[in-house]
1. Output the relative contact order of the chain, whole-number percent, from Cα pairs under 8 angstrom with separation of 6+ residues.
2. Treat the count of other C-beta atoms within 10 Å as a stand-in for reagent exposure and order 71, 16 from fewest to most.
3. Sort 20, 68, 44 by Cβ crowding within 10 Å, fewest neighbours at the top.
4. Roughly what angle does helix 55-71 make with the longest principal axis of the chain, taking Cα atoms, 0 to 90 degrees, to the nearest 10?
5. Per-residue ellipticity at 222 nm for the chain, helices alone: DSSP H runs ≥ 4 residues times -39500 (n - 2.57), over residue total, nearest 500 deg cm²/dmol?
6. Calculate, for residue 52 and residue 25, the FRET efficiency according to 1/(1 + (r/R0)^6) with r their C-beta to C-beta distance and R0 30 Å; round to the nearest 0.05.
7. For the pair residue 42/residue 67, report the inter-label distance in nm, with labels modelled 7 Å from Cα in the Cβ direction.
8. How do 7, 32 rank when sorted from fewest to most other Cβ atoms within 10 Å of their own Cβ?
């Protein structure tokens, strides 16, 4: 089975926003997921927990994702 991929993604440092398209009978609906990437030894992992210093980047990515969805609706 082929792994689903986001239609768009944005990254600032370790914080990433991924935009996902879901086709419905009423048209395409977009959802956004946010993740913080980090390295645990030699392995890259992701978390959906954000610290104080991540919040401004998270807000900027949310704004960027909102703009992309608005322009591609």
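1. Once normalised by length, the contact order is 25 percent.
2. 71, 16
3. 44, 20, 68
4. Value to nearest ten degrees: 20.
5. Calculated from helices alone, the mean residue ellipticity at 222 nm is -8000 deg cm²/dmol.
6. The pair residue 52/residue 25 has a calculated efficiency of 0.10.
7. Between residue 42 and residue 67, the label points sit 4.0 nm apart.
8. 7, 32
Throughout, read-outs are computed from the coordinates displayed, never taken from laboratory work. This is a predicted model, so every value here is computed, not measured. Cβ sites come from the backbone with ideal geometry, for glycine too, and all protein chains shown count toward neighbours.
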